[in-house]
Amino acid sequence: MRGALVSLVALAACAPAPATPPPRAEAGAAVRRTVAAPPPAQRSAPAERRQVVAAAVDPATDFVAEVRRLHRLAACAGDAALPVGAPAELVESHCRYQRSVYERHRKRVLAVARPFLASLRPAGLPRAVVYPFGGGDLLYALTAFPDAEEITTISLERAGDIRGVDGHEPEALRRGLRDVAWMTMRLAIVEYSFTTHMGAMQRSRLPVQLVLALAALAIHDLEPVSLRYFRIAPDGSLSYLSRAELAAAPPIPAAPPPRKLKAKRKRRGKRAPALLLPEVFANVELGFRPRGASGPIRIYRHVAANLDDEHLKGSPLLRHLERKGRIAAMTKAASYLLWLDSFSRIREYLLAHMEWMVSDSTGILPRHAEAAGFEQVTYGRFKRSLLGTAQDANIEMGKLWRSQPRRPLAFYFGYPDFDNRSAHLLVTRRRTR
């Protein structure tokens, strides 16, 4: 594994990177409030499956032509014509790099991780998946849950404006594709991205958050068939936005070129702010299915939201999540936020609604899992957290790994251990006895 990590780091060093400061560790006390499991009468059977039926898409809200062009331009898949103004040589150079990353991921991660995770998943899991703190990571959600009919990721970052896929000046397009290439490499090869990386991508002239989802479709041999923006209504239902509503949004300010950003940081001693995308571009729904196939449409949604207790209390997002009923869940590289008191509401939601969860060590602490009727199974090696978060929680997680037999893990799933070498994975499942 050490040799594999060296090769990953070598590839990362060769890839283009935006100018961002080093990641900052999250800190805070470990959570102490626990959640009891709901009584059996209030829970659906684990074998229950919800059929997600995609309603007919209103052309006034659908950006399918634009998403197919973006799929071709930035994710390098599909047969759509290149957007207006995109130099073919520039796109082909970008796509050679993207395809090399895709192929590396398929051989070194997907070929190993997909059958391994399939061996862990119980039969009859709910077909709705919720992935908190999972901005842009449709890639691993599809690996962990290849049969999911509905996948929801939630993070601070907004999806981005797809309308500008046409008409980029060559230099702006070059910078945007460079951002896409670097972030794809971080996710597909290094296995995770820091929040600072994701925030920096909000400055990009391409909707990088959305392109990462399109790259995931390309790697898994899927294709987009619809794209809509939405708001969450007070009752948790979705309201889709028309082209006219998006056109009324304030313009996105032009991003200063990298040299000016660097100069500003040097003068002011702090990171240049990310672009604040209008709220209408925060949440996106992407319909997809196997490439070239007909039949049912599966749904991926990204929601931009702060998941701390103050923001989640009484929010339409929480009501939307509760409407899904029973779910499967995952998280990884989540800054250990589920350990903290200030993120107890999203943790309580997961414990009350999920049947099974896969995570790295940023998942749910043993004290909370056990109190809610779950058991946990460890894989790989974990001693303490990469970010040095919450000493008592670190001790608790390390004790969990030491208390179980050493089960090998042949791929990285989220953060490595503190030594930056050891892979680990955690399954949290309902007790059956």
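The values are calculated or read from the model by the stated rules, or taken from the named source; none is laboratory data. Owing to the predicted nature of the structure, the values given are computational and were not obtained by experimental measurement. Here Cβ is always computed from backbone atoms with ideal geometry, including for glycine, and neighbour counts include all displayed protein chains.
A few remarks follow.
- Restricting segment 153-169 to residues that are at pLDDT below 85 and among the small types (Gly, Ala, Ser), the residue that is farthest from the chain's Cα centre (by Cα) is Gly167.
- Of residues in segment 265-296 being modelled with pLDDT of 90 or more and more than 21 Å from Gly134 (Cβ to Cβ), the one surrounded by the fewest Cβ atoms within 10 Å (Cβ to Cβ): Gly292
- Among the conditions (1) surrounded by 17 or more Cβ atoms within 10 Å (Cβ to Cβ); (2) without any contact (Cβ under 8 Å) to a residue 12 or more places away in the chain, Ser359 misses just one, which is (2).
- Taking segment 92-115 as the range and being hydrophobic (A, V, I, L, M, F, W, C), surrounded by 17 or more Cβ atoms within 10 Å (Cβ to Cβ) and out of contact with any Asp or Glu (no Cβ under 8 Å at 6 or more places or on another chain) as the test, the residues that pass are Cys95, Val101, Leu110, Ala113.
- Residue match in segment 42-65 (condition: loosely packed, with under 14 Cβ neighbours inside 10 Å, β-branched (Val, Ile, Thr), at pLDDT below 95 and more than 26 Å from the chain's Cα centre (by Cα)): no
- One residue alone among Arg323, Arg431 is touching a Gly at 6+ places or on another chain (Cβ under 6 Å) and closer than 20 Å to Ala141 by Cβ, and that residue is Arg323.
- Condition check for Ala172: modelled with pLDDT of 90 or more, part of a helix (DSSP H, G or I) and within 18 Å of Ser93 (Cβ to Cβ): no
- Those residues of segment 176-195 which are modelled with pLDDT of 70 or more, under 19 Å from Asp360 (Cβ atoms) and either among the charged types (D, E, K, R) or surrounded by 22 or more Cβ atoms within 10 Å (Cβ to Cβ) (or both), in sequence order: Arg186, Leu187, Ala188
- Qualifying residue in segment 328-342 (condition: crowded, with 19+ Cβ neighbours inside 10 Å, touching a Lys or Arg at 6+ places or on another chain (Cβ under 9 Å) and closer than 27 Å to Leu227 by Cβ): yes
- Residue check for Gly295: small (Gly, Ala, Ser), without any contact (Cβ under 8 Å) to a residue 12 or more places away in the chain and in a loop (DSSP other than H, G, I, E, B): yes
- Applying the criterion of being crowded, with 20+ Cβ neighbours inside 10 Å and in contact (Cβ under 8 Å) with a residue 40 or more places away in the chain to the residues of segment 382-397, the residue that is nearest to Phe145 (Cα to Cα) is Phe382.
- Of all residue pairs spaced 6 or more apart or on separate chains, those with beta-carbon atoms under 8 Å, a first member in segment 174-188 that is touching a residue at least 24 places away in the same chain (Cβ under 8 Å) and a second member that is buried (at least 24 other Cβ atoms within 10 Å of the Cβ) and of a type in the set (Asp, Glu) are Leu187/Asp137.
- Here Pro122 passes the criteria (1) on the phi < 0 side of the Ramachandran plot; (2) at pLDDT 95 or above; (3) touching a helix residue (DSSP H, G or I) at 6+ places or on another chain (Cβ under 6 Å); (4) not in a helix (DSSP H, G or I) except the one numbered (3).
So that you can scan it fast, the table gives a plain yes or no per residue for (1) of a type in the set (A, V, I, L, M, F, W, C); (2) farther than 27 Å from Phe411 by Cα; (3) touching a strand residue (DSSP E or B) at 6+ places or on another chain (Cβ under 7 Å):
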{"residue": "Tyr336", "(1), (2), (3)": "no, no, no"}
{"residue": "Trp339", "(1), (2), (3)": "yes, no, yes"}
{"residue": "Arg347", "(1), (2), (3)": "no, no, no"}
{"residue": "Trp356", "(1), (2), (3)": "yes, no, yes"}
{"residue": "Ala371", "(1), (2), (3)": "yes, yes, no"}
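- Of everything listed in (1) surrounded by fewer than 21 Cβ atoms within 10 Å (Cβ to Cβ); (2) modelled with pLDDT under 95, the single unmet condition for Lys324 is (2).
- Taking the listed residues Leu365, Leu400, Leu350, the one that is within 20 Å of the chain's Cα centre (by Cα), modelled with pLDDT of 95 or more and either more than 24 Å from Ala128 (Cα to Cα) or buried (at least 19 other Cβ atoms within 10 Å of the Cβ) (or both) is Leu350, with no other qualifying.
- Of everything in segment 368-381 that is surrounded by 21 or more Cβ atoms within 10 Å (Cβ to Cβ) and aliphatic (A, V, I, L, M), the residue that is farthest from Asp417 (Cα to Cα) is Ala372.
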